[in-house]
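K.L.:
Structure incoming, see below.
The values are calculated or read from the model by the stated rules, or taken from the named source; none is laboratory data. This structure is a prediction, so every number in the text was calculated from the model and none was measured. For neighbour counting, all protein chains shown are included, and Cβ atoms are generated from backbone atoms with ideal geometry for every residue, glycine included. Only protein heavy atoms, including side chains, enter the accessible area calculation; ligands, DNA and RNA are left aside. Shrake-Rupley method; radii C 1.70, N 1.55, O 1.52, S 1.80 Å.
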Amino acid sequence: MNYKTDNPVALRSQQWLMNALIELMHEKPYHKITIKEIAQRAELDRSTFYRNFDTKESVLNHYIYKLTEEYIYRLTEIDQLSMDKVINVFINLCMDNLDFFITLRKNGLSNIVLEGFNERLPYVQEVLKSRWKYQINIEYLQYALAFNAGGMWNMLMSWIDDGMKEPYTHLINAFKEISTFNSYK
């Protein structure tokens, strides 16, 4: 479903529905939440829900799409990209939305974020390719994107699973160390 609209009422309804679903996920497992409950929490009719979304999964997918848009925007603000800068942008975006990621993890849904980002990565690469010092051979690009996205995502999930004992900057430093190790000859 295409969520792009300029209609302020639709945009507001979408935001209320996303917020309602996330609030409900704090109270009960995702699989037990109904569309009726989401609409009620948002103080909207079920028909408004269905005008904006097909399923509760599409609500989450829209939220993730918005996160990928924010990620792309933040990356486009950087002149000369490097993996150090990318990890900073990624981790800061994650910290800004940490509650959402923790909630997804507790509900066994964290992989949908990685899937959403993976879907957008070729577009991100195309938009930003002129800002990289080094261009990955097109033959390996798909794997390089999957490697980096999966690595960063799994580091974040490991940190969450471990109770977030270390400061989030530990993730950034760990990624830099891993990148150095991987490029050592």
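K.L.:
Of the residues L121, L156, L128, which single one is touching a strand residue (DSSP E or B) at 6+ places or on another chain (Cβ under 7 Å), assigned to a helix (DSSP H, G or I) and surrounded by 12 or more Cβ atoms within 10 Å (Cβ to Cβ)? Before the answer, list the steps.
P.N.:
On the way: L121 fails: touching a strand residue (DSSP E or B) at 6+ places or on another chain (Cβ under 7 Å); L156 fails: touching a strand residue (DSSP E or B) at 6+ places or on another chain (Cβ under 7 Å).
The match here is L128.
K.L.:
Working only within region 31-50, note down all residues that are among the β-branched types (V, I, T), farther than 18 Å from A10 by Cβ and surrounded by 15 or more Cβ atoms within 10 Å (Cβ to Cβ). Reasoning before the result, please.
P.N.:
Here is the first cut: in region 31-50, the ones among the β-branched types (V, I, T) are 33-35, 38, 48.
Still in the list and also farther than 18 Å from A10 by Cβ: 33-34.
Of everything in region 31-50, just one residue is among the β-branched types (V, I, T), farther than 18 Å from A10 by Cβ and surrounded by 15 or more Cβ atoms within 10 Å (Cβ to Cβ), namely I33.
K.L.:
Can you find a residue in region 3-16 that is in contact with a helix residue (DSSP H, G or I) (Cβ under 8 Å, 6 or more places away or on another chain), in a helix (DSSP H, G or I), among the aliphatic types (A, V, I, L, M) and modelled with pLDDT of 95 or more?
P.N.:
Within region 3-16, none of the residues are in contact with a helix residue (DSSP H, G or I) (Cβ under 8 Å, 6 or more places away or on another chain), in a helix (DSSP H, G or I), among the aliphatic types (A, V, I, L, M) and modelled with pLDDT of 95 or more.
K.L.:
Further question on the same structure: Hey, can you tell me all the residues within region 159-168 that are part of a helix (DSSP H, G or I) and free of Cβ contacts under 8 Å to residues at least 24 places away in the same chain? Walk me through it before giving the result.
P.N.:
Step one: list which residues in region 159-168 are part of a helix (DSSP H, G or I), which gives 159-161.
Once the filter is applied, which keeps residues that are part of a helix (DSSP H, G or I) and free of Cβ contacts under 8 Å to residues at least 24 places away in the same chain, region 159-168 yields only W159.
K.L.:
Looking only at region 162-185, count how many residues are surrounded by 12 or more Cβ atoms within 10 Å (Cβ to Cβ) and not small (G, A, S).
P.N.:
Step one: filter region 162-185 for residues surrounded by 12 or more Cβ atoms within 10 Å (Cβ to Cβ), giving 164, 166, 168, 170-176, 178-179.
Pick out the ones that are also not small (G, A, S) and you get 164, 166, 168, 170-173, 175-176, 178.
Residues that pass the stated criteria total 10.
K.L.:
Residues of region 21-30 being free of Cβ contacts under 8 Å to residues at least 24 places away in the same chain, assigned to a helix (DSSP H, G or I) and surrounded by 11 or more Cβ atoms within 10 Å (Cβ to Cβ), which ones?
P.N.:
At the first step, the residues of region 21-30 found to be free of Cβ contacts under 8 Å to residues at least 24 places away in the same chain are 23-24, 27-28.
Add one more test, that the residue is assigned to a helix (DSSP H, G or I), and what stays is 23-24, 27.
Passing the criteria: E23, L24.
K.L.:
Quick one: how many residues across region 58-89 are open to solvent by 70 Å² or more (accessible area, probe 1.4 Å), at pLDDT below 90 and part of a helix (DSSP H, G or I)?
P.N.:
1
K.L.:
Taking region 38-65 only, how many residues are free of Cβ contacts under 8 Å to residues at least 40 places away in the same chain and hydrophobic (A, V, I, L, M, F, W, C)?
P.N.:
Number satisfying all stated conditions: 5.
K.L.:
Working only within region 63-102, note down all residues that are farther than 16 Å from V127 by Cβ and of a type in the set (S, T, Y).
P.N.:
Selection gives Y63, S82.
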